[in-house]
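This report concerns only the one structure given below.
The values are calculated or read from the model by the stated rules, or taken from the named source; none is laboratory data. Bear in mind that the values here come from a model prediction, so they are computed numbers and not experimental data. When we count neighbours, we look across all protein chains shown, and the Cβ atoms used for this are built from the backbone with ideal geometry, even at glycine. Only protein heavy atoms, including side chains, enter the accessible area calculation; ligands, DNA and RNA are left aside. Shrake-Rupley method; radii C 1.70, N 1.55, O 1.52, S 1.80 Å.
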Amino acid sequence: MRARAFLVTVLLLVGCAARGAVTLGPWRSPLEREHPLTGQIWDVKGQRVVTPEAVAARLKDARYVLLGEKHDNPDHHAVQAALVRALLASGRRPAVAFEMFTEEQAPALARHLAGAPRDAAGLGEAVDWKRSGWPDFAFYQPIVQAALDAGVPVVAANLAPATARSVARGEPGAVPPELSTRYALDRPLAPAAQARLTAEIRDAHCGHLPATRVDSMVLAQRARDAALADSLVRSDADGGVLIAGVGHVRADHGVPLYLTARAPGSNIAVVAPLEVRDSLTKPEEYAALFDGTLPFDFVWFTPRMDYADPCARFRLPRA
Ligand code: HEM
C-alpha cells in the first residue's frame, strides 16, 4: 500500500515537472497581500493575465531569460527560484548569472565550487557576501542551489565595484576598453533611451546628484548593463539566465539592448516581479512608472515589503 502511495507521489511529481509546473510558497512580504493584483501575472504584449505555467513555457523557448527583482523583496527571489527550477525541469541547461557576484569574486566562486560543486550554502561565505551590501544570502541561495543541483554554471556577471566607481567619477579610460568597443559605450544610446536612463538615474538619487556627475553615473549604469549582457554571451551554454535588479533587465535601455547588439535576433524573455501599490489596481496603470510602457514581457505582481520613502535616505544628516 505504502509502495503504491510512493509510486503515485513520484508519478505526480514527474507529471508536474513535465508540464512545467511553477511552485511558489506562501507570500513572505507583509503588505498588500489582499490587493487585487497580488499574484497576478500580466503578459505585456498579449495584454492579458496568464498562468505561471504559460510564463514557464515562454521561458523554455528563450535563449536569454532575464529575471528582475527589487533586491529586498523575498517574494521576488521566490519567483526567480521557481522559474529557474521550472526551466531546468524542462530540460534546458542555461548558465545562471548573477548581478550580485562581481568579476573579482569569480576566482573565489570557482574555487569554492571546485571543492564543493553542490554547496550553495557555503558559497556566501566563500565570496564574503556579508561585506557586499546585498540583502541576506538566504534570499539567493535557493536559486544558486537549483543551478548547482542541475550542474549548470553559476556566473559572476557584474563589473568590479572599483571599476563602476571610477566610471561614475568620470575618470578617463575607466570603462574597460573591450566592453566599450563591443557595446559602443563611447556613444550615447538612441536619444529617447538616453533621456529615459538619465531621468531614471537622476530620480533614483532623488535629485541629489550634482549636474556634473549625471552623465558619468549614466555611463556607469550602461557599463554595468553591458558587462551583465557580456557575461551571458560569454557563458552561453544552452542560453543563459540573469538574476538582476529590475532597472537592469528593462528592455528599453537595460541588458536586452546590449544582448541584441551582440547576438542579434536572440530570443530574449524578461520577467519583472513588481510590488503592487494600493492606488494602482489595473496592470496597465503600472506603465506610468516606466514612462508609459512596461518594458518587460511579463510583470509578476507581488505584495510589498514596506511603504518607505526611498528618498528618506538622502535626507539623513551626515554622520
Ligand atoms: C535610494 C536608493 C539609492 C541610494 C541611497 C543610492 C546611493 C548611491 C551612492 C551614495 C552612490 C555613490 C556615488 C559616488 O560615488 O559619489 C551611488 C552610485 C550609483 N548609483 Fe545609486 N543609489 C540608489 C539607487 C540607485 C538606483 C535605483 C540606480 C539605478 C537606476 C542607481 C545607480 C547608481 C549608479 C550607476 C552609480 C554609480 C556607481 C556604481 O554603479 O556603483 N542607484 N548611488
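Residue check: VAL271 meets all listed conditions (1) within 24 Å of ARG234 (Cβ to Cβ); (2) touching a residue at least 60 places away in the same chain (Cβ under 8 Å); (3) open to solvent by 10 Å² or more (accessible area, probe 1.4 Å); (4) not in a helix (DSSP H, G or I) but one, namely (3).
Counting only residues that are part of a helix (DSSP H, G or I) and either touching a helix residue (DSSP H, G or I) at 6+ places or on another chain (Cβ under 6 Å) or of a type in the set (D, E, K, R) (or both), how many does the range 57-73 have? So the answer is 3. Any residue at all in the range 99-111 that is surrounded by 15 or more Cβ atoms within 10 Å (Cβ to Cβ), closer than 26 Å to LEU294 by Cα and modelled with pLDDT of 95 or more? Within the range 99-111, one or more residues are surrounded by 15 or more Cβ atoms within 10 Å (Cβ to Cβ), closer than 26 Å to LEU294 by Cα and modelled with pLDDT of 95 or more. As a summary of the residue check, GLY20 satisfies the conditions (1) open to solvent by 20 Å² or more (accessible area, probe 1.4 Å); (2) farther than 20 Å from PHE137 by Cβ; (3) at pLDDT below 95 except for the one numbered (1). Residues that are touching a strand residue (DSSP E or B) at 6+ places or on another chain (Cβ under 8 Å), within 16 Å of the ligand (Cβ to nearest atom) and small (Gly, Ala, Ser) within the range 232-253 comprise ALA244, GLY245, ALA251, listed in sequence order.
Scanning the range 292-319 for residues that are acidic (Asp, Glu) and within 14 Å of the ligand (Cβ to nearest atom) yields ASP306, ASP309. Summed over the range 194-231, residues that are more than 12 Å from the ligand (Cβ to nearest atom), over 20 Å from the mean Cα position of the chain (by Cα) and at pLDDT 95 or above total 2. Give me the residue from the range 232-253 that is acidic (Asp, Glu) and farther than 17 Å from ASP297 by Cβ and, out of that set, nearest to the chain's Cα centre (by Cα). Selected residue: ASP236.
Quick one: is VAL214 part of a helix (DSSP H, G or I), surrounded by 13 or more Cβ atoms within 10 Å (Cβ to Cβ), among the hydrophobic types (A, V, I, L, M, F, W, C) and in contact with a Leu (Cβ under 8 Å, 6 or more places away or on another chain)? No: the conditions fail for VAL214. Would you confirm, using the coordinates I've provided, whether LEU259 is touching a residue at least 24 places away in the same chain (Cβ under 8 Å), part of a helix (DSSP H, G or I) and open to solvent by less than 10 Å² (accessible area, probe 1.4 Å)? So LEU259 fits the description; yes.
Taking the conditions (1) touching a Cys at 6+ places or on another chain (Cβ under 6 Å); (2) over 23 Å from CYS311 (Cα atoms) in turn, CYS206 satisfies each one other than (2). Each residue in the range 51-78 was checked for being open to solvent by less than 20 Å² (accessible area, probe 1.4 Å) and more than 11 Å from the chain's Cα centre (by Cα), and 8 of them qualify. Residue pairs whose Cβ atoms lie under 9 Å apart, sitting 6 or more positions apart in sequence or on different chains, and linking a residue in the range 55-66 that is on the phi < 0 side of the Ramachandran plot and aromatic (Phe, Trp, Tyr) to a partner that is in a helix (DSSP H, G or I) and at pLDDT below 95, do not occur here. So which of GLY133, GLY151 is within 16 Å of the ligand (Cβ to nearest atom), open to solvent by 50 Å² or more (accessible area, probe 1.4 Å), at positive phi and of a type outside the set (D, E, K, R)? Unique residue meeting the criteria: GLY133. If you go through the range 269-291 one residue at a time, do you hit one that is farther than 16 Å from GLU69 by Cα, modelled with pLDDT under 95 and within 16 Å of the ligand (Cβ to nearest atom)? Yes, some residue in the range 269-291 is farther than 16 Å from GLU69 by Cα, modelled with pLDDT under 95 and within 16 Å of the ligand (Cβ to nearest atom). Just one residue in the set ASP238, ASP278, ASP230, ASP291 is among the acidic types (Asp, Glu) and at positive phi; that residue is ASP291.
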